[in-house]
Structures are given as C-alpha cells and as structure tokens.
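One structure is given here, and the rest of the page talks about it.
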Amino acid sequence: MSRGNTRQRIQDVALELFAERGYEKTSLREIAEHLGVTKAALYYHFKTKEDLVTSLFEDLVLGPADDVIAWAEAHQPTSLETKLEILNRYSECISNAFPLVRFMHENQAALRELSIGELMKQRILTLLELIKDQDAALSDQVRCASALFTMHSTFFTLQGTNADQEEKRKAALEVAQDLVTAAHHGAGSPSGARP
C-alpha cells in the first residue's frame with residue numbers, strides 16, 4: 001500500500017502499527033521511530049493520533065464512500081440495478097481500504113471514542129437508506145443491513161480459508177447482492193412479493 005509522499009508514508013506506517021498493535025498501544029513516537037524521523041517532523045503533518053486516523057479515514061474510506069453516495073443519489077429513484085451497483089462500488093471502496101477496514105474491526109472500542117467513528121457510522125447508515133426501500137418490511141431492512149455487514153466482516157470471518165482477498169470480496173459482494181435482491185423483491189412481505 002506504499003503510496004509515495006511523506007504524509008502518505010506516515011499514514012501507511014501508522015495504519016500498519018495500529019492494525020498490528022492496536023490504536024491505544026501505538027504512540028506517535030513509535031510511528032516516528034518506524035519512519036526514521038523525529039517526532040517534530042511527524043507533528044508537522046499530524047498533531048495527534050486522532051488527526052492521523054481521521055486523515056486515513058478521509059482519504060481511504062470517507063472520500064470514496066462519499067463518491068458512491070453521490071453517484072447513488074444522482075440515480076434516483078433507486079432501481080434494483082442501481083442498488084446492486086451501489087454495493088459493487090462500495091465493495092471496491094472497502095477492498096481498496098482493506099488495512100483500514102481491518103483496523104476498524106480490531107479497534108472498535110477506540111473508534112467509538114473518536115469523532116471519525118460517528119462519521120463512518122453516518123456513511124454506512126446513508127448507504128443503508130440508499131439500498132433499502134422506504135416501506136420495506138423489517139426482515140427486508142435486516143437483509144439490507146446484513147448486506148453491508150457481510151461486506152465489512154467477510155475479510156475477517158473467513159481468515160482460515162484459502163481464498164485471497166479478491167475472492168472473499170467477490171463472494172461477499174455476491175451474498176450482499178443476493179440479500180438486497182431478495183429485499184427489493186419483498187421477500188419479507190407476507191405474500192413473498194411486493195404488493
């Protein structure tokens with residue numbers, strides 16, 4: 001994931017250490033040592049660990065997720081094809097930010113304390129609103145929420161498999177799209193179909 005400039009190198013090393021050791025157990029001093037720079041050089045780019053984590057989320061997830069949301073909002077009303085494309089685009093978004101998604105799963109307690117956790121939650125809830133119908137049965141709402149959860153969790157829940165990251169992404173996307181398709185067709189309504 002090495003991306004080039006100093007700011008990005010700091011982000012890459014910090015993310016690696018946060019994922020390996022945990023957010024709480026990683027200090028800015030350790031990040032500076034791994035980079036071979038002084039703390040002052042690090043402070044030039046990021047004053048706090050929270051600033052650093054916020055920049056990672058903004059660059060790797062929030063910005064790309066906002067692009068998916070903007071695309072989806074431009075394609076209203078939402079057809080099934082649009083919902084499936086939202087999932088496809090979001091799947092690529094989180095796949096490109098795999099180390100950060102790993103960090104999210106392994107540092108949930110710390111994220112709850114950081115402002116970025118709320119921002120990420122808002123994006124996920126916005127995506128949920130875009131893939132579920134307004135009048136969806138509760139079970140169909142659960143299907144849509146489960147679709148997003150599936151895409152986030154599959155990388156970790158299937159760690160023991162021989163599948164690589166891309167195979168997991170595609171499998172999770174397939175299941176997520178199946179769930180949203182079922183919800184779109186009203187699998188949760190009493191008759192099994194939309195009135």
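Under a 1.4 Å probe, what is the accessible area of region 1-89 per residue, stated in Å²?
Result: 51 Å² of accessible area for each residue.
If I compute solvent accessible area with a 1.4 Å probe over the protein chains, what percent of it on region 43-135 is carbon and sulfur?
50
Residue farthest toward the positive end of the dipole of region 100-159, with Cβ of Lys/Arg at +1 and Asp/Glu at -1: which of 146, 100, 128?
100
How big is the equivalent ellipsoid of region 64-173 along its three axes, where each semi-axis is √(5λ) from the Cα gyration tensor, reported in whole Å from largest to smallest?
Here the semi-axes work out to 23, 17, 14 Å.
Hey, can you list the DSSP H helices of the chain whose Cα span along the axis is 20 Å or longer and whose average Kyte-Doolittle score is at least -0.5?
80-96, 115-131, 138-157
Is the chain rounded, prolate or oblate when judged by the Cα gyration tensor, a ≥ b ≥ c being the square roots of its eigenvalues, rounded requiring a/c under 1.5 and prolate requiring a/b larger than b/c?
Cα axes put the chain in the prolate bin.
Can you tell me which of 99, 77, 64 moves the most in a GNM of the chain? Springs connect C-alpha atoms under 10 Å apart.
Of 99, 77, 64, the Gaussian network model singles out 77 as fluctuating most.
Just to be sure I follow the rule: in the chain, considering lysines 8 or more places apart or on different chains, how many pairs have Cα atoms under 22 Å apart?
Eligible lysine pairs with Cα atoms under 22 Å apart amount to 12.
If the elastic network links every pair of Cα atoms under 10 Å, which of 179, 138, 128 fluctuates the most in the Gaussian network model of the chain?
138
How would region 103-166 be classified by its alpha-carbon gyration tensor: rounded, prolate or oblate, with rounded meaning a/c under 1.5 and the a/b versus b/c comparison settling the rest?
Oblate, because a/c is 1.5 or more while a/b does not exceed b/c.
Report the net charge of residues surrounding residue 73, where surrounding means a beta-carbon distance below 12 angstrom and charges are Lys +1, Arg +1, Asp -1, Glu -1.
Neighbour charge sum, excluding residue 73 itself: -3.
Ratio of region 1-88's C-alpha Rg to 2.2 N^0.38 Å, to two decimals? Walk me through the intermediate numbers first.
On the way: Rg = 17.3 Å, N = 88, 2.2 N^0.38 = 12.1 Å.
The reported ratio for this selection is 1.43.
Separation of region 1-61 and region 111-170 by C-alpha centroid, Å?
26
The values are calculated or read from the model by the stated rules, or taken from the named source; none is laboratory data. This structure is a prediction, so every number in the text was calculated from the model and none was measured. Virtual Cβ from ideal backbone geometry, glycine too; neighbours counted across all protein chains shown. Remember, those area values only see protein heavy atoms, side chains included, never the ligands or the DNA or RNA. Shrake-Rupley method; radii C 1.70, N 1.55, O 1.52, S 1.80 Å.
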